[in-house]
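The values are calculated or read from the model by the stated rules, or taken from the named source; none is laboratory data. Since the structure is predicted, the reported quantities are computational estimates derived from the model, not experimental observations. Positions of Cβ are generated from backbone atoms using ideal geometry, with glycine treated the same way; all protein chains shown enter the neighbour counts. These area figures cover heavy atoms from the full protein model, side chains too; ligands, DNA and RNA do not enter into them. Shrake-Rupley method; radii C 1.70, N 1.55, O 1.52, S 1.80 Å.
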Amino acid sequence: MTDLTFFISAFVTLFVVIDPIGMAPVFVALTQGQSAARRRAIAVRACVLAFLILALFGVAGEAVLGFVGITMPAFRIAGGLLLFLTALEMLFERRTKRRASSAEEATEEAFDEAEEPDPSVFPLAVPLIAGPGAIASMILLTGRAPGSIDVIGIHVVMALVICLVLGMFLISGAIERGLGVTGVSVVTRVLGMLLAALSVQFVLDGLAGAGVFG
């Protein structure tokens, strides 16, 4: 039987990498102005997709990337570039302006709903929840697991962390009401800067992994 400390280590690793607490204000910024029902749908969809993606990489490991000829450094660089685009939108509030423009042009609720962007797949599921760091962690953790039962245990731990992310998403409405419009705007810009820095770090890690720096 695997030492309990192995699973505790796996939980701490995935918790720090995915950061459920830090995901809450990001979710607020990405779903600002949307209805509670739509937020719940986005939250559930993002978490389910993230779980499936991480489970896929946990089971198949590097073979998934190797099958299409993609290395982990290349994956880190791509994820960083995609995340940087999201950071730019948050910094310059392009999402807010786009939603305001759509609201003025729309006259029916159904049309508004259809035009509303859905961030559940990108950037929530990928690369914020199931990002390069989380994927790499799953590959490394399952690679260290002694047996198949331990691999299942790691996936249970990962599912627990994803559930924590979902819980933080579901209370994001209360967070938004507490911050107010001005507070959300400030948090959005601050998080945009942090996401920009994180995206650059992903790219630098990818370049370092590819041997560009030496």
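Only one entry of LEU56, LEU52 meets the criterion of being within 17 Å of VAL121 (Cβ to Cβ) and within 15 Å of the chain's Cα centre (by Cα), and that entry is LEU52. Reported count of residues in the range 47-75, each being at pLDDT 80 or above, open to solvent by 30 Å² or more (accessible area, probe 1.4 Å) and either closer than 27 Å to PRO146 by Cα or of a type in the set (A, V, I, L, M) (or both), is 15. Screening GLU104 on (1) more than 14 Å from ALA136 (Cα to Cα); (2) modelled with pLDDT of 85 or more shows it passes everything except condition (2). If the condition is being β-branched (Val, Ile, Thr) and over 13 Å from GLY131 (Cβ atoms), then the range 194-214 contributes VAL200, VAL212.
For the range 13-46, filtered to residues that are β-branched (Val, Ile, Thr) and either farther than 18 Å from GLY167 by Cβ or surrounded by 15 or more Cβ atoms within 10 Å (Cβ to Cβ) (or both), the residue that is nearest to the chain's Cα centre (by Cα) is ILE18. Close Cβ contacts (under 8 Å, 6 or more residues apart or on different chains) running from residues in the range 113-136 that are at pLDDT 90 or above to residues that are of a type in the set (Gly, Ala, Ser) and open to solvent by 20 Å² or more (accessible area, probe 1.4 Å) comprise SER120/ALA41.
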